[in-house]
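The values are calculated or read from the model by the stated rules, or taken from the named source; none is laboratory data. From a predicted model like this one, the values you see are computed outputs, not experimental measurements. Side chains included, ligands, DNA and RNA excluded: accessible areas come from the protein's heavy atoms. Shrake-Rupley method; radii C 1.70, N 1.55, O 1.52, S 1.80 Å.
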Amino acid sequence: QVQLAESGGGLVQAGGSLRLSCAVSGRTFSNRAMAWFRQAPGKEREFVAAISWSGSTSYVDSVKGRFTISRDNDKSTVFLQMNSLKPEDTAVYYCAGRPLFSYGTKWDDYNYWGQGTQVTVSS
């Protein structure tokens with residue numbers, strides 16, 4: 001059984017930064033594609049960023065140039081560095097994984113999910 005545990009969320013002012021972490025346990029991490037999604041109140045879950053086993057990445061247009069996804073295969077952890085945060089980035093952020101080398105950008109591309117971590121950006 002694969003388990004994902006997010007951490008690093010919190011309250012930050014607009015323009016600030018946060019770094020989210022997602023620790024993966026239970027199965028081999030290095031051959032899994034990973035992603036971050038977010039869900040704001042009253043909205044659907046939205047793709048944010050993804051990374052393949054080899055390090056290829058993809059981002060939603062609204063975060064390009066501000067967010068960076070990365071992974072540490074030795075520590076079975078994926079990160080989301082978020083800079084220049086905006087109030088519209090406020091959401092619960094979820095880590096997701098799937099047992100394939102390549103990433104997807106839809107929520108149903110992923111088999112495993114964390115519980116989520118709240119990110120709140122004040123104006």
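Stokes-Einstein diffusion for the stretch 45-85, with the hydrodynamic radius set to the Kirkwood value over Cα pairs and evaluated at 10 °C in a medium of 1.306 mPa s, equals 147 µm²/s.
Excluding same-chain neighbours fewer than eight residues apart, the aspartates and glutamates reachable from Lys86 by a Cα-Cα span under 15 Å are Asp61. For the pair Asn111 and Val2 in one chain, pulling the backbone fully straight at 0.36 nm per residue adds 38.3 nm over the alpha carbon distance. The listed residues Trp107, Trp113, Trp36, once ranked by accessible area (1.4 Å probe) with the largest placed first, stand as Trp107, Trp113, Trp36. For the stretch 75-123, the per residue solvent-accessible surface stands at 50 Å², with DNA, RNA and ligands left out and a 1.4 Å probe. State the Cα centre-to-centre distance between the stretch 12-47 and the stretch 71-123 in whole Å. Between the Cα centre of the stretch 12-47 and that of the stretch 71-123, the gap is 1 Å. Remark: the chain is approximated by an ellipsoid whose semi-axes, taken from the C-alpha gyration tensor as √(5λ), come to 23, 14, 14 Å, largest first.
Derived scalar couplings between HN and Hα for the stretch 59-70 equal 9, 6, 4, 5, 10, 4, x, 10, 10, 9, 9, 8 Hz in order, rounded to whole Hz, by the Karplus curve 6.51 cos²θ - 1.76 cosθ + 1.60 (θ = phi - 60°), x for Gly and Pro.
Applying D = kT/(6 pi eta Rh) to the stretch 3-54, where Rh is the Kirkwood radius over alpha-carbon pairs, T corresponds to 10 °C and eta to 1.306 mPa s, the Stokes-Einstein value obtained is 121 µm²/s.
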